[in-house]
Structure formats: C-alpha cells, structure tokens
1. Specify the residue that is farthest from the ligand (Cβ to nearest atom); the eligible residues are those in the stretch 174-199 that are part of a helix (DSSP H, G or I) and more than 13 Å from Ala140 (Cβ to Cβ).
2. Scan (1) among the hydroxyl-bearing types (Ser, Thr, Tyr); (2) within 23 Å of Gly210 (Cα to Cα); (3) outside the structural domain of Glu196 (by TED's automatic domain parsing) for the single condition Ser13 breaks and write down its number.
3. Provide a single number: the residues in the stretch 330-345 that are within 14 Å of the ligand (Cβ to nearest atom), within 21 Å of Met373 (Cβ to Cβ) and touching a Lys or Arg at 6+ places or on another chain (Cβ under 9 Å).
4. Out of the residues in the stretch 361-406 that are among the aliphatic types (A, V, I, L, M), in a helix (DSSP H, G or I) and in contact with a His (Cβ under 7 Å, 6 or more places away or on another chain), which is surrounded by the most Cβ atoms within 10 Å (Cβ to Cβ)?
5. Which of the residues spanning the stretch 274-289 are of a type outside the set (Phe, Trp, Tyr), part of a helix (DSSP H, G or I) and surrounded by 20 or more Cβ atoms within 10 Å (Cβ to Cβ)?
6. Pick from the stretch 106-131 the residues that are closer than 21 Å to Pro169 by Cβ and modelled with pLDDT of 95 or more: which of them is farthest from the ligand (Cβ to nearest atom)?
7. So which residues in the stretch 119-176 are loosely packed, with under 15 Cβ neighbours inside 10 Å and touching a Leu at 6+ places or on another chain (Cβ under 6 Å)?
8. Which one of the conditions (1) free of Cβ contacts under 8 Å to residues at least 60 places away in the same chain; (2) on the phi < 0 side of the Ramachandran plot does Leu367 fail to meet, given that it meets all the rest?
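The values are calculated or read from the model by the stated rules, or taken from the named source; none is laboratory data. This one's a predicted model, so the numbers in the text were calculated from it and none came from an experiment. Positions of Cβ are backbone-derived with ideal geometry, glycine not excepted, and every protein chain shown enters the neighbour counts.
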Amino acid sequence: MDKIIIEGGVPLSGRVAISGAKNAALPILAATLLAPGVHCLSNVPPLADIRTFKKVLGLMGVQFEDGGHEGPPHRHDALVVDTSRLTGWMAPYEVVKTMRAAVLVLGPLVARMQQASVSLPGGCAIGARPIDQHLKGLEAMGTKITLNQGYVEAKVRRLKGADITLDTPTVTGTENLLMAASLAQGVTRLHNAAQEPEVTDLARFLTAMGARIDGIGSDTLTITGVEALTPAPYRIMPDRIEAGTYLAAAAITKGSVTIAGAPVGALSAVLEKFHEAGVRYKITDDTITLEPAGSLTGVDVKTRPYPGFPTDMQAQFMAVMALARGASVITETIFENRFMHVSELNRLGADITVSGNQAVVRGKKQLLGAPVMATDLRASASLVVAALAAQGTTEVHRVYHLDRGYANLVDKLTGLGARLRRAPA
Ligand code: EPZ
C-alpha cells in the first residue's frame, strides 16, 4: 500500500484540468449492456473504480479496446466497449464487496438478459447503504427477486412499465431503474428520483441510444420503453466532485488557481458555500478562477440530495473550515457514518467534535503535519486538502482510496506547485 508525503504551506497556483466524472462513467458503462454492439465513450477517467468495473463487465463477455491517449482528438481518452455478445449475467461478491457501484449492472442485465445474479454489496465504511429501493422498483416492473447466499437473483420474462415512488432519492437506485425502464414494455414513472447531474448524464446517453425519457433533471422521470437501443458515441461529463476538491485545495492554501473544464452549472451549492466562507472567484461556463482569499470564515453546511450541498464534498469542505475563523456546524444527512475523517483531521491539530450527524468545527490558526490514515475515498481527499495547508510534513497512508476517484492527483497537485510525492508505505 502506498502513501503520499506532503510538505504543506505552499499556496497553489496555476491551472488544473478536470477529468471525466467517475459517477457518470460507471452508470454509462453499465448502460452499454442495454444495446448490443460497439460503443465509443470519451473522457472516461483513468481510475481504479473504472478498471474494476471493466473487470466486472469483462466477466460477462464485454470486450474493451482502450482508445488510449494518442490518436485523433476525438479518440482522446476514448474507450471502445463491445457488448455484442454477453456470456454471463453475474456480478460476484469478490468484486462487489470492493466496489458497490457494481450493483449498477442489475437493471441492464434484467432488461437485456431477463436475469441477473448480483452480490448484495454489504455495508461499507460510510454506512449500511442497502439497495432495497433498487429491488422494490424492479419488482414493480415484474421482476422476481430472491436472495440466495448473499446474492440477488433476479428473473423476468419481460419488464413492464410501472409507477414507482422511491422512499429516498437514491442515485444508483434511480440509475438502475432508469436503465431497466428504457427497455420495459410500456411507460414507467419514477417519482422522487435522484436529480444528480450524473443521473442526467446517464439519461442523455440513454436518449442518444434511442431511449424515450421525459423529465430529465427533475425528480419525476417518465420513461416510455422501446424494443431496442442502439450504441451511440458519448462524452462523459466532467467530475464536479473532483472540481470541488481542487476548489477546496486552492481555498485552504489561499492560492490563485484556475480549474478548467469544470461543470460549473452543477456546482452552485458548493460555490455558494465557498463564497459565504469568503472565497472569491470568477466563473465562466466551464472554468472557476480563484483569487487569493484573506482569512476565511466558518459557515454552517448541511448535505442534501442534489441540488443541495453534495455529501461527497462534506469531508473536503470540513478540512477548509478547520482553518476558517469561527465555528462551522456540518450536518451529514445522507450517510449515517461519514465522519471517519474527523479523528484524522484532529491528528493534524483541527478542533472538531462530533455529536450524532453533526460535526462542530472550531477554526484554528494553523494545522501541523502528522501521519494520518485514509478510510474512504472522500475522507482521504479531505486529508490531502488539510495536509496542503498544514505546517510541516504529512504522510497520508492507504492512498488506494484516493486512486478510486482522483485521476493523476499527485501530478495535478504538483502542477499547481504543491510539494508532494508518492512512496511505498
Ligand atoms: C451514489 O452512491 C454515489 N456513488 C456516492 O458517491 C454518493 O455519495 C451517493 O450517491 C450520494 O450522493 C455513485 O454514484 C457510484 P444513494 P449511492 O443510493 O447511489 C440510502 C463517491 O464518493 N438508500 O443515493 O450508493 C443509502 O443508505 C461515492 O463517489 C436506501 O436506504 O447512494 C444512503 O443513506 C460515495 N435504500 C442514501 O440512501 C436504497 O435502496 C443515499 O444513497 C438505496 C439507498
């Protein structure tokens, strides 16, 4: 397992380019199962989770050809996915336990193969994360679901459109049901659907393949099933959480940074909170340019489903609040255990106390480098953000968590003037 060694205290400066969105690329990769043939996806981020998902799809007979980084621009970061011949319909426990997003094959497999055998994901560091809403929706569409030795066994002759109201606006639940409904017989209305931009990106890809979806971007999706979908080229949207993470890194180091190729329109709640805290920036439709801020002020934040403040930015924002003036009350309403980064931030000298789903951050004048341990993807990002501003050396251990969601993190931060390097632990 590697670690990252960071010499903090350097104000970041320069320009960083945002990669494709992990949480759009994963459901879009799953959606290629719906349309037999050759798909050409571009702006696919080079991440561990993408590599893991390709393994899952490979087990079912999907073939890939990496467009690589050379070749004509339209093939830059391109990934060719051939779903012509599927030989299986199973997502095994060994993979799902490492990446719960593998449950995204459930809807497409039931729609394409009329069956699926997908391991229940089990809990993870940030919470129980059940998939009851995914299963409720598929059952409403006529799927017979049985649980057998930790696997969801799903079977159906032909999916039928249904009226489904989700108990909670689950992101991957909405995505699974949206994919299944695209090939169902009749109309499906999905109420209380997640509105995350990545759900919209999936809906746009499905539409490009011939799906008929109304209400894209709203909390009610109406899908009129079609007989078949046809592969279509598609460019993955940029990653709003990666962009927000670099925003946090620039803000905490009082740097002047341009974040290029960012989905600015999908970052309103995050930009609003940084502005309230005293961060000054200029935006265009795809760039955010920060100007060196004075001292930042502690502000309260509550995570909410989109368009509210995203839970995936909670840990990174908390790191910034650790050096803001005054107090900040951070309320996590999405996951029941997403404060694993608090004890590690406190090892860097932060003053954060947790009570239930609230963390109270009392801003300090400085943080001091120390060895810390990453526990989950966004917690590890939060430790990197804090370490960039801490005086002295910080070692972030178990950085495989970072590799899941941040492409070329060390190179991108080095390009902004940060002093860091990766080394074997
Ligand atoms: C997606 O996870 C993202 N992952 C997560 O990003 C993100 O944190 C989360 O949405 C919330 O925005 C991907 O898109 C691959 P949920 P997902 O289903 O779909 C409960 C990252 O850092 N729930 O919206 O698994 C659940 O327990 C990752 O990139 C049910 O009760 O999240 C949770 O409390 C981490 N029953 C809440 O809803 C269900 O059937 C939100 O979960 C489904 C979910």
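1. Ranking the candidates gives Ser182 first.
2. Here Ser13 clears every test but (2).
3. 4
4. Across the stretch 361-406, the extreme among qualifying residues is Leu383.
5. None - no residue of the stretch 274-289 is of a type outside the set (Phe, Trp, Tyr), part of a helix (DSSP H, G or I) and surrounded by 20 or more Cβ atoms within 10 Å (Cβ to Cβ), so the list stays empty.
6. Pro108
7. Across the stretch 119-176, the qualifying residue is only Gly150.
8. Of (1) free of Cβ contacts under 8 Å to residues at least 60 places away in the same chain; (2) on the phi < 0 side of the Ramachandran plot, only one is false for Leu367: (1).
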